[in-house]
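See below for the structure under consideration.
The values are calculated or read from the model by the stated rules, or taken from the named source; none is laboratory data. Just so it is clear, the model here is predicted, and its values are computed rather than measured. Every residue, glycine among them, receives a Cβ derived from its backbone with ideal geometry; neighbour counts consider all protein chains shown.
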Amino acid sequence: MNLQSRIASIVALVAVILALGAATTRYAQIDEGTRGIIVTQGAVEGVQEPGLFFRLFAPFTKVEIVNVRRQSRQISQSVASSDKQLYDIEIQIDFSRKTAPEALRAMYGRLGVSDEQLNAQLDGFISEALKTASTQFTLDEGLSDRGTFSQRIRQYLTTAPGEGQVAPVDQLYINLEAVKVLDINVGEAYAKLLAEKANLEVQIETENKRRQQIEAEQSNNLFRAEQEAKVALTTEKGRTAAALEAASRESQVRTVQGQSFRQNPELLRLRERELMVDMLKSGNIWFVDPNTNLTLLLDKMANGAVSPQVLQATGVITP
């Protein structure tokens with residue numbers, strides 16, 4: 001074999017090797033939000049993070065792309081409440097696949113990488129959770145407290161139903177992100193009852209406010225009356241105290257005058273003459289009991305404290 005034949009054989013062999021290598025090379029682009037499940041001869045070899053996977057001479061290797069982004073499922077279903085009321089409920093479940101390599105391996109072996117397969121099984125679990133949770137609430141409770149209703153649905157999806165069993169989310173290898181009750185539709189008859197109840201609650205609230213306003217007004221009136229009574233009492237106490245003070249001072253003055261009269265008899269006689277002159281200015285005749293203290297009587301009459309008509313007439317005073 002000449003040189004040219006040898007060269008041609010080598011070129012042909014290289015071409016065959018290159019063609020075989022190209023035919024058996026495996027590569028894949030793993031985008032963000034996805035993972036690559038590397039499968040060789042039917043067994044999971046590993047998990048590829050986002051990036052480029054490339055391997056030469058791997059005829060029995062394939063890369064399955066699995067979605068690990070957040071997804072949402074909206075479910076509408078007819079259920080029954082604990083008080084035997086039928087209604088339609090619509091909920092939304094937000095979830096994502098677990099990204100741990102062990103979880104992705106187990107998920108691939110049980111469910112594969114299809115979103116449709118995952119959603120079908122998840123919908124079944126959601127339906128069972130809805131039926132169970134709805135029986136824990138009356139229709140009125142479900143309408144008024146959707147947050148607690150949502151928490152109960154989450155509880156049934158994340159809790160194992162019994163000992164030795166696995167919770168639904170763990171069976172599907174997913175993380176439950178959120179559970180929301182979007183809408184609850186009731187029948188026409190029950191909707192009418194709810195409207196009547198709402199009107200009654202408004203009337204009760206209005207009546208309570210009116211009663212509170214009346215009580216507030218009565219309280220204000222009572223407070224005002226108490227304040228007025230306190231003011232009147234304070235005023236009366238002031239007047240009484242003033243009168244007592246005036247009487248005390250007058251008594252003190254008379255005491256001082258009495259002491260002066262006892263110490264100076266001439267001053268006493270002068271006072272008697274002054275009072276007698278004042279009495280006789282009217283030109284009337286006065287009758288006085290002989291035992292009467294003339295000075296004290298004249299002084300009281302001058303001040304208007306004693307009426308002379310009620311005195312016993314046993315003596316005469318004339319001008």
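Scan the range 145-166 for residues that are touching a strand residue (DSSP E or B) at 6+ places or on another chain (Cβ under 7 Å) and free of Cβ contacts under 8 Å to residues at least 24 places away in the same chain and the total you get is 1.
Here the condition is being on the phi < 0 side of the Ramachandran plot and buried (at least 17 other Cβ atoms within 10 Å of the Cβ); of Gln77, Gln71, Gln155, it holds for Gln71 alone.
With respect to the conditions (1) modelled with pLDDT under 90; (2) of a type outside the set (S, T, N, Q); (3) not in a strand (DSSP E or B), Glu32 falls short on a single one, namely (1).
One line per residue, one yes/no per condition, for (1) over 20 Å from Gly33 (Cα atoms); (2) in the same structural domain as Ile37 (by TED's automatic domain parsing); (3) modelled with pLDDT under 95:
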residue: Ile75; (1), (2), (3): yes, no, yes
residue: Ala80; (1), (2), (3): yes, no, yes
residue: Phe95; (1), (2), (3): no, no, no
residue: Gln117; (1), (2), (3): no, no, yes
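Taking the residues in the range 169-187 that are among the charged types (D, E, K, R) and either part of a strand (DSSP E or B) or under 28 Å from the mean Cα position of the chain (by Cα) (or both) as candidates, determine which candidate is surrounded by the most Cβ atoms within 10 Å (Cβ to Cβ). The extreme case among them is Lys180. A single member of Lys192, Lys197, Lys209 is loosely packed, with under 11 Cβ neighbours inside 10 Å, at pLDDT 70 or above and within 58 Å of the chain's Cα centre (by Cα), and it is Lys209.
If you check Ala241 against the conditions, is it part of a helix (DSSP H, G or I), modelled with pLDDT of 75 or more and farther than 30 Å from Asp140 by Cβ? Yes; evaluated as a whole, the condition is true for this residue.
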